[in-house]
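Q: I have a structure I would like to understand better, so I am pasting it below and will then ask my questions one at a time.
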Amino acid sequence: MIREILENQPNLSRDRLIPILQEIQDENGYLSEEAIVVTAEFLKLPTSKVYGVATYFDQFRFEPRGKYHIRICRGTACHVEGSLNFQNELEKILKIKPGQTTRDGLFSLDIVRCIGACGLAPVMDINAEFYTGFNITDLSNIINTYRLKD
Ligand code: FES
């Protein structure tokens, strides 16, 4: 699949590195070590360079997503409503940082810049199910709902 994506690029130039990595991540949910190595091979770049660029941007993740993928919005409107506190609380509850997946594979956490529902801030989604206007004590209840589903 990674090779297919690379072989189907109309233009395999180095300045396409980020869109190519984005496409691979969209397809696979994350950037595996193989994805980094093969992309470097195709673009004739050192692997360290590709990895360095990918780690610079917080949109890329290097672990597979959990069964329940949480995206907490950290855009301006959500920030004003305390999204940093919500992010910290989720990290505490799940014992992971953004870009990581819990050991049991159940939850993964990512930050997004704006989900496009600013009027309903704060906003997060879990597998595309949206939660808005929550408070900090709601978070553990929401997470527990998913734990119980499993
Ligand atoms: S800033 Fe959070 S939805 Fe726009």
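The values are calculated or read from the model by the stated rules, or taken from the named source; none is laboratory data. Everything numeric in this text was worked out from a predicted model, so none of it was measured. Note that each Cβ is placed from the backbone with ideal geometry, even for glycine, and that neighbours are counted across all protein chains shown. Note: accessible area is taken over every heavy atom of the protein model, side chains too, but ligands, DNA and RNA are not part of it. Shrake-Rupley method; radii C 1.70, N 1.55, O 1.52, S 1.80 Å.
Q: Would you mind working out the magnitude of the charge dipole of segment 1-88 relative to its Cα centre, with +1 at each Lys and Arg C-beta and -1 at each Asp and Glu C-beta, to the nearest 20 Debye?
A: 180 debye
Q: Still on this structure, please answer the following. What accessible surface, in Å², does a 1.4 Å probe find on E63, ignoring ligands, DNA and RNA and rounding to the nearest 10?
A: Approximately 70 Å² of E63 is accessible to the 1.4 Å probe.
Q: With all protein chains present and a 1.4 Å probe, how do R103, R74 order by accessible area, largest first?
A: I get R103, R74, largest accessible area first.
Q: Take the Cβ-Cβ distance between K92 and Y56 as r, set R0 to 25 Å, and report the resulting FRET efficiency rounded to the nearest 0.05.
A: The formula returns an efficiency of 0.40 here.
Q: Can you show me the helix-derived [θ] at 222 nm for the chain, built from DSSP H runs with n ≥ 4 at -39,500 (n - 2.57) apiece and divided by the number of residues, rounded to the nearest 500.
A: Only helices count here, giving -13500 deg cm²/dmol.
Q: Same structure, new question: Suppose R0 equals 22 Å. What FRET efficiency, 1/(1 + (r/R0)^6) with r the Cβ-Cβ distance, do N85 and Q22 give to the nearest 0.05?
A: Between N85 and Q22 the formula returns 0.15.
Q: Once the Cα atoms of the chain are picked out, what are the Rg and Dmax in Å?
A: 17.1, 50
Q: Now a separate question. Name the cysteines of the chain that stand alone by the Cβ rule: no other cysteine Cβ under 4.7 angstrom.
A: C114, C118
Q: Restrict the search to segment 14-107; then list the chymotrypsin sites (Phe, Trp or Tyr not before Pro) that DSSP places in a loop and that have at most 10 other Cβ atoms within 10 Å of their Cβ.
A: Here the chymotrypsin sites (Phe, Trp or Tyr not before Pro) that fit, given the DSSP loop and packing criteria, are F57.
Q: Starting from the Cα of T132, step 7 Å along the direction of its Cβ; do the same at D110; then give the gap between the two resulting points in nm.
A: Modelled inter-label distance: 2.1 nm.
Q: Can you give the Rg to Rh ratio of segment 1-59, both from alpha-carbon atoms, with Rh computed by the Kirkwood formula?
A: My calculation puts Rg/Rh at 0.90.
Q: Measuring from the lowest to the highest alpha carbon on each principal axis, how far does segment 68-149 reach, largest first, in angstroms?
A: Here the spans come out as 34, 22, 21 Å, largest first.
Q: What is the log10 of I(q)/I(0) for segment 32-96, computed with the Debye formula using one identical point scatterer on each Cα and no solvent, at q = 0.27 Å⁻¹?
A: Those come out to -1.13, one per q.
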